[in-house]
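Just below is one structure, and these are the notes that go with it.
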Amino acid sequence: MASQPDATAGNLFAGLPPTGEAEEQFVQLLQRPGLVIERIVSSGQASPPGFWYEQPQGEWVLLLQGEALLRFADEADARRLHAGDWLDIAAHRRHRVEWTAPDRLTIWLAVFYGEEAAPLAAAAGAQGS
């Protein structure tokens, strides 16, 4: 019988910050060549005025809990996201978080993919947010 590779496991809802934290929480769950999976926890945060993410990698994002408004530069209106909603954001598509619910946690699962996969926290830091 062949040996099984080591498994890494956890719970997406473990170690959550309290509602109303001043900073978003970014936790990298898995990183492999061309792939990064990250949990993001928001509590009233939004992208700074005038700031747009424009990442070199694709991003598939799932809203697990809470509510958010996500805006794309090429769309007139922000999209309202609820628990269970997901989006596949193409590389270099400008987007921003307009709003997250301030009275409860908004929990995102972000999957970054492509040759230059990097977590959102690293992308935001590189862009001066």
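The values are calculated or read from the model by the stated rules, or taken from the named source; none is laboratory data. This one's a predicted model, so the numbers in the text were calculated from it and none came from an experiment. Note that we place each Cβ from the backbone using ideal geometry, even for glycine, and neighbour counts take in every protein chain shown.
Before moving on, here are some points about what is shown:
- Among the residues listed as 13, 112, 51, 26, the single one being crowded, with 19+ Cβ neighbours inside 10 Å, of a type in the set (Phe, Trp, Tyr) and in contact (Cβ under 8 Å) with a residue 24 or more places away in the chain: 112
- Criterion applied to 97, 111 was being of a type in the set (Val, Ile, Thr) and within 14 Å of residue 35 (Cβ to Cβ), and the one residue passing it is 111.
- Meets criteria (part of a loop (DSSP other than H, G, I, E, B), buried (at least 17 other Cβ atoms within 10 Å of the Cβ) and on the phi > 0 side of the Ramachandran plot) for residue 84: no
- When we screen 93, 71, 39, 79 for residues that are without any contact (Cβ under 8 Å) to a residue 12 or more places away in the chain and either surrounded by 17 or more Cβ atoms within 10 Å (Cβ to Cβ) or under 25 Å from residue 117 (Cα atoms) (or both), the only hit is 79.
Per-residue answers, yes or no, for (1) among the acidic types (Asp, Glu); (2) part of a loop (DSSP other than H, G, I, E, B); (3) modelled with pLDDT under 95:
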position	(1), (2), (3)
2	no, yes, yes
7	no, yes, yes
10	no, yes, yes
15	no, yes, yes
39	no, no, no
47	no, yes, no
60	no, no, no
